[in-house]
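So the structure is just underneath, and the comments pick up after that.
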Amino acid sequence: MKITVVGFWGAYPEQEEATSCYLVEHNGMKVVIDCGSGAVSQLQRYTELKDVDAVVFSHYHADHIADLGVIQYARIVDKALERTSDSLLMYGHQEDKAAFQSLTKEPAVEGLPYSEGESLQFGEMKFTFCRTDHPVPCFAIRVEAAGRSAVYTADTTYLDELVQFSKGADLLIAETSFYADQDSKPFGHMNSVEAGRMARKAGVGHLVLTHLPHFGNYEDLVKEARGEFGGEVELAAGGKVFKL
Ligand SMILES: [Zn+2]
Ligand SMILES: [Zn+2]
């Protein structure tokens with residue numbers, strides 16, 4: 001399994017970059033997780049848009065869905081020009097009916113539901129979901145293939161359920177919206193220490209800090225997370241690749 005960080009900013013993208021977006025590939029299947037602001041532009045560094053099989057959304061906040069409409073247009077254009085005959089499959093939860101309905105764009109994009117307790121299969125990749133604690137319904141995603149696993153926390157406060165969900169993962173991509181001395185819980189997010197604690201308690205192999213804030217010294221986030229977690233810790237960055 002190969003995971004490429006396409007966008008990693010919280011809230012809005014810095015110049016030439018994108019908010020939340022990750023490309024997950026295994027044996028020819030290409031699945032995008034979240035498609036935030038700037039994501040469609042950045043995604044083309046790593047794949048042709050026509051080759052994306054599916055997009056899975058953690059939740060419907062703008063920094064995770066801002067490029068929903070334009071990736072739909074891309075597939076409409078690619079199908080009209082006969083670059084592909086495949087519709088783009090878009091998965092989201094159904095707890096916001098209007099947002100879920102916006103996933104479908106005939107005739108090129110098909111919106112489909114996922115729910116906690118069920119799994120999605122993309123080739124040999126299995127996706128499962130865990131509800132997070134955030135101001136709107138949001139789901140963390142675990143991807144497993146060929147005996148390897150990665151967990152993306154999506155947006156959340158520190159949660160014991162997510163520790164369980166992340167148990168033994170090779171890679172934890174954890175949202176880190178604040179620094180150690182900041183109380184992240186009222187905002188529905190985690191800080192660097194909480195991300196590190198989640199990694200330690202879940203016994204993951206490798207921690208990647210993402211959904212980064214627009215202030216402070218980023219190396220402090222890494223140091224603070226390392227105070228909790230003894231494994232490898234690094235910052236997400238556009239184009240970083242993790243091979244599992
Ligand atoms: Zn977010
Ligand atoms: Zn959010």
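The values are calculated or read from the model by the stated rules, or taken from the named source; none is laboratory data. Source: prediction; values computed, not measured. Neighbour counts run over all protein chains shown; Cβ positions are idealised from the backbone, glycine included. Side chains are part of the model used for accessible areas, which takes the heavy atoms of the whole protein and leaves out ligands, DNA and RNA. Shrake-Rupley method; radii C 1.70, N 1.55, O 1.52, S 1.80 Å.
Counting pairs of alpha carbon atoms under 8 Å apart in space and at least six apart in sequence, what relative contact order in percent does the chain give?
Relative contact order, the chain: 17 percent.
Hey, can you find the accessible area per residue of the chain for me, probe 1.4 Å, expressed in square angstrom?
Dividing the accessible area of the chain by its residue count gives 41 Å².
How far is helix 192-202 tilted off the main Cα axis of the chain, in degrees rounded to 10, range 0 to 90?
It is inclined by approximately 80 degrees.
Which residue, Thr128, Leu221, Met90, has the largest displacement toward the positive end of the dipole of the chain when charges sit on each Cβ (Lys, Arg +1; Asp, Glu -1)?
Going by the charge dipole, the pick is Thr128.
Taking the chain as the reference, fit the longest principal axis to its C-alpha atoms, fit the long axis of helix 68-80 to the helix C-alpha atoms, and give the angle between the two in degrees, 0 to 90, nearest 10.
Around 30 degrees separate the two axes.
Under the rule a/c < 1.5 gives rounded, and otherwise a/b versus b/c splits prolate from oblate, where does segment 46-114 land using the Cα gyration tensor?
It is prolate, given that a/c is not under 1.5 and a/b is the larger ratio.
Would you list, by chain and number, the lysines whose Cα falls below 27 Å from the Cα of Lys185, excluding same-chain residues fewer than 8 positions away?
Lys97, Lys167, Lys201, Lys223
Near Lys79, which lysines are there with a Cα under 21 Å away, not counting those fewer than 8 places off in the same chain?
Lys79 reaches Lys30, Lys50, Lys105.
Once phi is turned into θ = phi - 60°, what whole-Hz ³J(HN,Hα) does the Karplus curve with 6.51, -1.76 and 1.60 give for every residue of segment 54-61, x standing for Gly and Pro?
Those phi angles translate into 7, 10, 10, 9, 6, 6, 9, 7 Hz.
How many percent of the accessible area of segment 95-143 is carbon or sulfur, using a 1.4 Å probe?
49 percent
Under unit Cβ charges (Lys, Arg +1; Asp, Glu -1), what dipole magnitude, rounded to 20 debye, does the chain have relative to its Cα centre?
On the way: 22 positive and 36 negative charges, 97 e Å.
For the chain, the charge dipole is close to 460 debye.
For a quick protection proxy, order the peptides 65-72, 230-237, 151-158 by their average other-Cβ count within 10 Å, most packed first.
151-158, 65-72, 230-237
Straight-line reach only, C-alpha to C-alpha below 19 angstrom: list the aspartates and glutamates that Lys240 could link to, leaving out same-chain residues fewer than 8 apart.
Here the aspartates and glutamates satisfying the reach criterion relative to Lys240 are Glu14, Glu16, Glu17, Glu25, Asp34, Glu48, Asp170, Glu175, Glu219, Glu232.
Quick one: order Glu25, Glu161 from most to least accessible surface, probe 1.4 Å.
So the residues, ranked largest to smallest area, are Glu161, Glu25.
Calculate the length of the line joining the C-alpha centroid of segment 199-244 to that of segment 24-46, in whole Å.
21 Å
Express as a percent, rounded to the nearest 5, the fraction of DSSP beta bridges in the chain (both residues included) that run antiparallel.
55 percent
Keeping every protein chain in place, order Asp34, Asp53 by accessible area at 1.4 Å, biggest value first, i.e. largest first.
Numbers: Asp34 0, Asp53 45 Å².
The residues order as Asp53, Asp34, largest area first.
Placing +1 on the Cβ of each Lys and Arg and -1 on the Cβ of each Asp and Glu in the chain, which of Ala195, Gly239, Ser58 has its Cα farthest towards the positive end of the resulting dipole?
Gly239
At a probe radius of 1.4 Å, what is the per-residue accessible area of Arg197, in Å² to the nearest 10?
About 70 Å², rounded to the nearest 10.
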